[in-house]
Each structure stands twice: as structure tokens, then as C-alpha cells.
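Undergrad: Got a structure here, written out as C-alpha cells. Questions coming.
The values are calculated or read from the model by the stated rules, or taken from the named source; none is laboratory data. Keep in mind that this is a model prediction, so the values were computed, not measured. In this analysis, Cβ positions are derived from the backbone assuming ideal geometry, glycine residues included, and neighbour counts consider all displayed protein chains.
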Amino acid sequence: MSFSISDLGNLKPSEPVDMSKLAPKGPSFPGKGKYTLRVPENLAPEFTFGATKAGYLSATIDPTIVGPTNVGYTIRFQKLSAKTFPETINKESGETRTTSQIARFLAACGDFRDLGSDPTEAVDAVLAQAGREFDALCDWRAYNKRTGEAVVGMENFPLNSYGEHVPWIEDADDVDENGKPRRYRANLEVVRYLPKRG
């Protein structure tokens, strides 16, 4: 038996639909994974640099994803600190090296210049990365300032009816005026800068 639209009788015509207006705008929320990111072209010092609570230089870079997926998505408020800490490079011998978030960022951009103790050197080094690309591992984090509730890692977020993780949490300890839990959106953040190989 074959179908014929004439079998449905005298149908009314529909209004035209512009399907381009139904297409999602911009990149979707990125999942956990490895991305190539680009540092903004213009890093204005008055907006980019500041100080941590402990008094160390901090920098905000807000990189944009350039691949392999979610091209155009910007990671907002990606902060870096110049505070140094020891990093283990050989567990058996206990060998460590001194690093910082800024140093890891520079290494990901392929800039292996030595950094002295003067914060001006770190500012100059970060500014020199404008427009450069780097690779990083990224993941989700949601935080409720009201309750201190935090969810870290995409795999710890709730699933929708399709079995996909949704980029928000509901905090049962923080309800609105109607008694419903408030929702807090996930942020994508860099969890590891991957040093550029020569």
C-alpha cells in the first residue's frame, strides 16, 4: 500500500517556516576533553592583571576554543596565578621542580623563557602570548556561593532523558521562594595546560 497526500482530503496550507531561525545560535556547551584554545588578541593590562588574595600576580586570559569541536566558545574568567609551588616530576626519586599556573600556561603556548621573581617579567610574558594557540584539558565545574556546594567533573553532573550530562546542578539546600531548588550552571575551565612539544 502506498501513501498519497490526496488520501488526507483537503488540507489547509501552512505558513512558511524559516528553518535557519530554528538553528541553535553559537557553539553548544563543550563537554569534558582536550581542546585547542586561542589567547585573545588584545590583553589590556587594566582588565587582565590583578592580585590574588595572598598578594601574588594574577592574570585572566579568557581563551576561545578553535578546535576540534565547539569552535568559538570562550572560556570566561580563566585565572592564572604567579604563586609558585613544587611539582613532582619523578615519584620514585622524589624529584620536584618549581612551577606556577602562569608558568604552565606559558609552556602550553610554547614559551619556555625563564621567569624571575619580578612580577613585571610575568606580565610581559603573558602579554607576549596574545593571539597564540595552546592545548589544554578542560572540564566542568559548578559552584553555589550561597551554600558552598560545588560539583566538579562532567561525569558528576545529572543526566537528561537521553543519557547525556546536563551543564547545571540543582542545589536541594538552596530553594527559591516557591520551594524549588535553584539551578547553577556549569562553567568550563582549564584543568591542565599541555606543554607544547617542539
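Undergrad: Here's a check for you: in the range 48-93, which residue that is among the basic types (Lys, Arg) and within 28 Å of Asp124 (Cβ to Cβ) is nearest to the chain's Cα centre (by Cα)?
TA: Arg76
Undergrad: Under 9 Å by Cβ, and 6 or more places apart or on different chains, what pairs join a residue from the range 122-137 that is free of Cβ contacts under 8 Å to residues at least 60 places away in the same chain and assigned to a loop (DSSP other than H, G, I, E, B) with one that is buried (at least 18 other Cβ atoms within 10 Å of the Cβ) and of a type outside the set (D, E, K, R)?
TA: Listed by first residue and then by second, the contacts come to Ala128/Leu106; Ala128/Cys109.
Undergrad: May I ask you to list pairs of residues, at least six apart or on different chains, whose Cβ atoms are under 8 Å apart, with the first in the range 87-109 being under 23 Å from Thr60 (Cβ atoms) and the second being aromatic (Phe, Trp, Tyr) and in a loop (DSSP other than H, G, I, E, B)?
TA: Between residues of the range 87-109 that are under 23 Å from Thr60 (Cβ atoms) and residues that are aromatic (Phe, Trp, Tyr) and in a loop (DSSP other than H, G, I, E, B), the close pairs are Leu106/Phe112.
Undergrad: Among the strands (runs of 3 or more DSSP E) contained in the range 151-196, which hold 2 or more residues that are among the acidic types (Asp, Glu) and out of contact with any Cys (no Cβ under 8 Å at 6 or more places or on another chain)?
TA: Where strands (runs of 3 or more DSSP E) fall fully within the range 151-196 and carry at least 2 residues being among the acidic types (Asp, Glu) and out of contact with any Cys (no Cβ under 8 Å at 6 or more places or on another chain), they are 168-175.
Undergrad: Do you know which of the residues in the range 88-112 that are exposed (fewer than 13 other Cβ atoms within 10 Å of the Cβ) and closer than 18 Å to Leu194 by Cβ is modelled with the lowest pLDDT?
TA: My answer is Ile89.
Undergrad: Would you please name the residue that is farthest from Thr147 (Cα to Cα), looking only at residues in the range 167-198 that are surrounded by 14 or more Cβ atoms within 10 Å (Cβ to Cβ) and of a type in the set (A, V, I, L, M)?
TA: So, considering only residues that are surrounded by 14 or more Cβ atoms within 10 Å (Cβ to Cβ) and of a type in the set (A, V, I, L, M), the one farthest from Thr147 (Cα to Cα) is Leu194.
Undergrad: Taking Glu155 and the conditions (1) at pLDDT below 95; (2) loosely packed, with under 14 Cβ neighbours inside 10 Å, which numbered condition does it fall short on, given that it satisfies the others?
TA: Against the list (1) at pLDDT below 95; (2) loosely packed, with under 14 Cβ neighbours inside 10 Å, Glu155 comes up short only on (1).
Undergrad: Does the range 113-128 hold any residues that are exposed (fewer than 14 other Cβ atoms within 10 Å of the Cβ) and among the small types (Gly, Ala, Ser), and which are they? Talk me through it step by step, then tell me what you get.
TA: In the first step, residues of the range 113-128 are kept if they are exposed (fewer than 14 other Cβ atoms within 10 Å of the Cβ); the result is 113-114, 116-118, 120, 124.
Of everything in the range 113-128, those that are exposed (fewer than 14 other Cβ atoms within 10 Å of the Cβ) and among the small types (Gly, Ala, Ser) turn out to be Gly116, Ser117.
Undergrad: Just for the range 129-150: of the residues that are among the aliphatic types (A, V, I, L, M) and either closer than 18 Å to Pro30 by Cα or in contact with a Ser or Thr (Cβ under 8 Å, 6 or more places away or on another chain) (or both), which one is surrounded by the most Cβ atoms within 10 Å (Cβ to Cβ)?
TA: Checked the range 129-150; the qualifying residue surrounded by the most Cβ atoms within 10 Å (Cβ to Cβ) is Ala136.
Undergrad: Does at least one position in the range 45-54 carry a residue that is modelled with pLDDT under 95, crowded, with 16+ Cβ neighbours inside 10 Å, out of contact with any Pro (no Cβ under 6 Å at 6 or more places or on another chain) and within 24 Å of Gly131 (Cβ to Cβ)?
TA: So far as the range 45-54 goes, yes, one or more of its residues are modelled with pLDDT under 95, crowded, with 16+ Cβ neighbours inside 10 Å, out of contact with any Pro (no Cβ under 6 Å at 6 or more places or on another chain) and within 24 Å of Gly131 (Cβ to Cβ).
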